[in-house]
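The values are calculated or read from the model by the stated rules, or taken from the named source; none is laboratory data. All figures in this text were calculated on a predicted structure; none of them were measured in a lab. Note that each Cβ is placed from the backbone with ideal geometry, even for glycine, and that neighbours are counted across all protein chains shown.
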Amino acid sequence: MTLEEILQVLETTGVDAAPADHPTKGVHVEAWVPTERLREVAQALRDREFLIEDVIGVDAAPEMMVVYHFHRLEGGCRVRLRVRTDRESPRVPTIQDIFPGASWHEREQHDFYGVEFEGHPDLSPLILPEDAGDLRPLRKNEKKLKSLDDIVPPPAHQGEAS
Amino acid sequence: MTDVFPPDLIRLIVSFVIVVAFAFTNAAVLVLVERKICGHIQRRPGPFEVGPHGLLQTAVDGMKLMAKQMLVPRNADASLFRAAPILSFVPPIAALIVVPFARLLQVRDLDIGVLFILSLAAVNVLAILVAGWSSANKYSLFGAIRAVAQNVAYEIPLLLSLLTIVIWVGSFRMSDIVAAQGGFWFAFTPMGFVAFLVYFICGIAETNRAPFDLPEAESELTAGFHTEYAGMGFGLFFLGEYTNMLLVSAIATTLFLGGWNGPAFLTTTGTGFWATVIQTLWFLAKVYGLIVVMIWVRWTYPRVRFDQLLNFCWKILIPISMANLAVTAVWLKL
Amino acid sequence: MIPRPDPTLETLVLNMGPQHPSTHGVLRVVLKLDGEYVLEAHPVIGYGHRMHEKMGEVRNVSGFYANVGRMDYAGALSFGHGHVLAVERMLGIEVPPRAEYIRVITTELNRIASHLLWFGAFLLDLGAFTPILYSFDDREYILDLLEHVTGARLTFSYFRVGGVNRDLDERFIQGTRVFIRRMRSRFEAYHKLVTGNVIFRKRVEGVGIISPDMIRKYGATGPVARGSGIPYDIRRVEPYSVYSELDFDIPTFPEGDCFARYRVRLAEMEQSLRIVEQALDRLPDGSVMAEKVPRKLKLGPGEVYQAVEAARGELGYYLAGDGTDVPYRLKIRPPSYSNLSLLNELASGVLLADLVAIMGSLDLVIPEIDR
């Protein structure tokens, strides 16, 4: 499967994906995915024998972002999906039923950022102790908090579909 | 004095003291031997710090164990918990009473010698069960359950293989069995060899040593049935294990390897002092030779899995030993 | 959900760990047992979590060098490799070829050391006490070599952005060549002692079979994936450093059981020796540090992802910068984390002893999971 085909597949799910410069970014395809389309895209990648690499929360203003990486088993195609969500009460649909490996990654991001992965059967603390409560250790304070545009430069930003 | 204490009682007490002392010395020596052999198998010198070549290591270890407090877990059944180490230690020592170290060096030559040893050896299972149950620890319980299943299973081929010799000789008496081996040793006859192999495998399993050390499988059950034991509680289990090794090897030597008989022209059947010394040396050489093999096996093989262990017993060892017994019986009748 | 004890059921809930001889660190596995059969196995992690990701967000890149050696204590150099490659990718720094070769040589030696550690520990899990001392004997040679060049034996922080800390010397090169010869002759002994042993074979063959689909859905990588017949190795599928110039095979075995994973790792050690040998032959002259490395490494704005093949599988660094010299977000994807997450599916229905074999064959390093 070539890169173009992957891009086409992502397009059929209604997501605007753009090829990325692998030598400088380490990924081949980047896409901003609207939250309601995330599971659809994940399912499309699952059907095409992709492997889940990780789920990463990034705290930013005004909205925070959750980043997913998928890699094709033969290599040559790493897909990065970005999802934005509200910073006060972040909610993203879970993909742990599609990729069971995402379960632990989602629980970890729930521990560190308080992202609610809707539909996840068990969001109890994985890494933090059971009584950690609302610790959210990786949340940035006001002084350190940056705008999402400062992290993801606008050119890639404009390809967003929403 | 002889009016108050019948000489027989004095003899019993003296010999019991000697047997206990022998069991303790044996354990102390064996621990060091095991650690040294293990060290050399693993290309290291083993204990080396205390005394010349680390010879005093076990003495120091023993002192440490005795100085340690024996903790009883809060939920444990305290009396059973304390009784278990003694249960594991006393029976193998008592069984040594009927072992003929030399023609005259035997405390009691019971006419049911083999049965006496086997019934005492069976108490070992009880000790492990009691230890595992009373510890109120799930790992200990697992160890106990495993020990019971394992020992009950392995006792059957063990008995069958000993029975082969008993019907051959026609006596349970240890001295008769040794005397029957004046010319040839049973381990060097076809049926005797099979019985010896089965017996030795079962003996390793009965003493719970690797590769059959499932009741205390370290990587699975931390320490199995003796997880909660500290100090001399643990020390007595340790002593019991080494005394059991001695006992298993002593039975093997008596029943299969000619007991205190030496090889053809080096043997003596005399009753004098030097004859006794020579006989004892032959006996001990054979016993410790077998123990070294047990140590060698332990440090070479991985542990078998529990279902494999039982399958091996029920599907291979028991049929073999039964067939062997049948062949021997038929051959004796011919 | 972690099972709770229920006295009305015929099951037993057993806590394996956090202190247990075969969890290789402070891992706790909550087991639901029916007799000796495992119904559920829930790993509980986080006992040794040190939050390296947060540390990465409050200190600059050179401040993080000391952290990279402290996540995976068995194969620490790969973690350093991924870190500097991620920063170099973001900043566009060209590394002199000699430095890249040195990185590959030391990382591959470290991979062999890690697999040797695993070899011993795995056999220890199976109840064989002796092999670990044999493999540690060989590992000691590697540690001496690496100590000579990096100054550390375990927690290496040898790689720098733009190159490496110190150049190799003749003593290291000669010593490594001697080691390669020695190590090749040792594999025969390993195979004789362990691979052909009937008890060992019965314990690992057909135990803990991972299907290729499980690999994909859980994101398991490294020898675990290659033991299921998937030739997924970052050194080949997404070549980094100088791996594209070197000739080596990716050993795969299709069975997916513990024995396949065992054979993958043994074969990988031989391949790593090939890599080291070739890299030593081709080692170019020149500097070991790039000329134009800015003193203050301003990251971004932007994100990079850098994957490297660590001893246990794919290690990923996600680095997001906001234009300052302190990363805005540093996420580490440790391989064991994903490899362990499939334990529950893998372990249901096996015997307790098999669970120990399975966990051993996954080659877990807990500080890497609790990063």
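The number of residues in segment C:290-340 that are in a loop (DSSP other than H, G, I, E, B), touching a Lys or Arg at 6+ places or on another chain (Cβ under 8 Å), within 11 Å of chain A (Cβ to nearest Cβ) and surrounded by fewer than 23 Cβ atoms within 10 Å (Cβ to Cβ) comes to 4. The condition of being surrounded by fewer than 19 Cβ atoms within 10 Å (Cβ to Cβ), within 14 Å of chain A (Cβ to nearest Cβ), of a type in the set (Gly, Ala, Ser) and more than 29 Å from C:PRO131 (Cα to Cα) does not hold for C:SER287.
Meeting the requirement of 3 or more residues that are over 30 Å from A:ALA102 (Cα atoms), the helices (runs of 4 or more DSSP H) wholly within segment C:185-282 are C:198-204, C:258-282. Taken over segment B:165-183, the criterion of being assigned to a helix (DSSP H, G or I) and of a type in the set (Gly, Ala, Ser) is satisfied by B:SER175, B:ALA179. Checking each residue in segment A:66-91 for being in contact with a Ser or Thr (Cβ under 8 Å, 6 or more places away or on another chain) and crowded, with 23+ Cβ neighbours inside 10 Å picks out A:VAL66, A:VAL83. Among the candidates C:GLY349, C:GLY321, the residue that is on the phi > 0 side of the Ramachandran plot, of a type in the set (Gly, Ala, Ser) and touching a residue at least 40 places away in the same chain (Cβ under 8 Å) is uniquely C:GLY349.
Among the residues of segment A:11-33, is there at least one that is part of a helix (DSSP H, G or I), in contact (Cβ under 8 Å) with a residue 60 or more places away in the chain and surrounded by 18 or more Cβ atoms within 10 Å (Cβ to Cβ)? Walk me through how you get there before you give the answer.
Residues of segment A:11-33 part of a helix (DSSP H, G or I): A:11-12, A:22-25.
When the remaining residues are screened for being in contact (Cβ under 8 Å) with a residue 60 or more places away in the chain, the result is none.
So far as segment A:11-33 goes, no, none of its residues is part of a helix (DSSP H, G or I), in contact (Cβ under 8 Å) with a residue 60 or more places away in the chain and surrounded by 18 or more Cβ atoms within 10 Å (Cβ to Cβ).
Residues in segment B:137-157 that are farther than 27 Å from B:LEU80 by Cβ and buried (at least 24 other Cβ atoms within 10 Å of the Cβ): B:PRO157 only.
Within segment C:226-243, being out of contact with any Asp or Glu (no Cβ under 7 Å at 6 or more places or on another chain), more than 9 Å from every other protein chain (Cβ to nearest Cβ) and of a type in the set (Ser, Thr, Tyr) holds for C:SER228, C:TYR240, C:TYR243. Flag set for A:ILE95, criterion: under 21 Å from C:ILE332 (Cα atoms) and in contact (Cβ under 8 Å) with a residue 40 or more places away in the chain. Counting only strands (runs of 3 or more DSSP E) that sit wholly inside segment A:66-119, not one has at least 3 residues that are modelled with pLDDT under 85.
Might you let me know whether segment C:244-254 holds any residue that is away from chain A (no Cβ under 14 Å), at positive phi and in contact with a Ser or Thr (Cβ under 8 Å, 6 or more places away or on another chain)? Lay out the reasoning, then the answer.
From segment C:244-254, those away from chain A (no Cβ under 14 Å) are C:245-249, C:251, C:253-254; that's our starting set.
After this cut, where a residue has to be at positive phi as well, the list is none.
So far as segment C:244-254 goes, no, none of its residues is away from chain A (no Cβ under 14 Å), at positive phi and in contact with a Ser or Thr (Cβ under 8 Å, 6 or more places away or on another chain).
When residues in segment A:49-65 are screened for being more than 8 Å from every other protein chain (Cβ to nearest Cβ) and either assigned to a strand (DSSP E or B) or among the basic types (Lys, Arg) (or both), 6 of them pass. Restricting attention to segment B:31-65, the residues that are surrounded by fewer than 14 Cβ atoms within 10 Å (Cβ to Cβ), in contact with a Leu (Cβ under 8 Å, 6 or more places away or on another chain) and within 13 Å of B:ILE295 (Cα to Cα) total 0. Does segment C:343-363 contain at least one residue that is buried (at least 24 other Cβ atoms within 10 Å of the Cβ), in a strand (DSSP E or B) and either at pLDDT below 85 or among the hydroxyl-bearing types (Ser, Thr, Tyr) (or both)? Taking every residue of segment C:343-363 in turn, none turns out to be buried (at least 24 other Cβ atoms within 10 Å of the Cβ), in a strand (DSSP E or B) and either at pLDDT below 85 or among the hydroxyl-bearing types (Ser, Thr, Tyr) (or both). Where helices (runs of 4 or more DSSP H) sit wholly within segment B:184-268, those with at least 3 residues that are out of contact with any Lys or Arg (no Cβ under 7 Å at 6 or more places or on another chain) and among the hydroxyl-bearing types (Ser, Thr, Tyr) occupy B:231-256. Does C:ILE234 count as out of contact with any strand residue (DSSP E or B) (no Cβ under 7 Å at 6 or more places or on another chain), closer than 20 Å to C:VAL365 by Cα, among the aliphatic types (A, V, I, L, M) and in contact (Cβ under 8 Å) with a residue 40 or more places away in the chain? Criteria not met by C:ILE234.
Only one of the numbered conditions (1) surrounded by fewer than 24 Cβ atoms within 10 Å (Cβ to Cβ); (2) more than 30 Å from C:ARG203 (Cβ to Cβ); (3) small (Gly, Ala, Ser) is violated by C:ALA86, and that is (1).
Could you please find all residues in segment A:113-139 being at the interface with another protein chain (Cβ under 8 Å from one of its Cβ atoms) and either under 17 Å from the mean Cα position of the chain (by Cα) or farther than 23 Å from C:PRO18 by Cβ (or both)? The answer is A:PRO121, A:LEU138.
The residue that is surrounded by the most Cβ atoms within 10 Å (Cβ to Cβ), among those in segment C:6-30 that are among the aliphatic types (A, V, I, L, M) and either in a loop (DSSP other than H, G, I, E, B) or more than 10 Å from chain B (Cβ to nearest Cβ) (or both), is C:LEU27.
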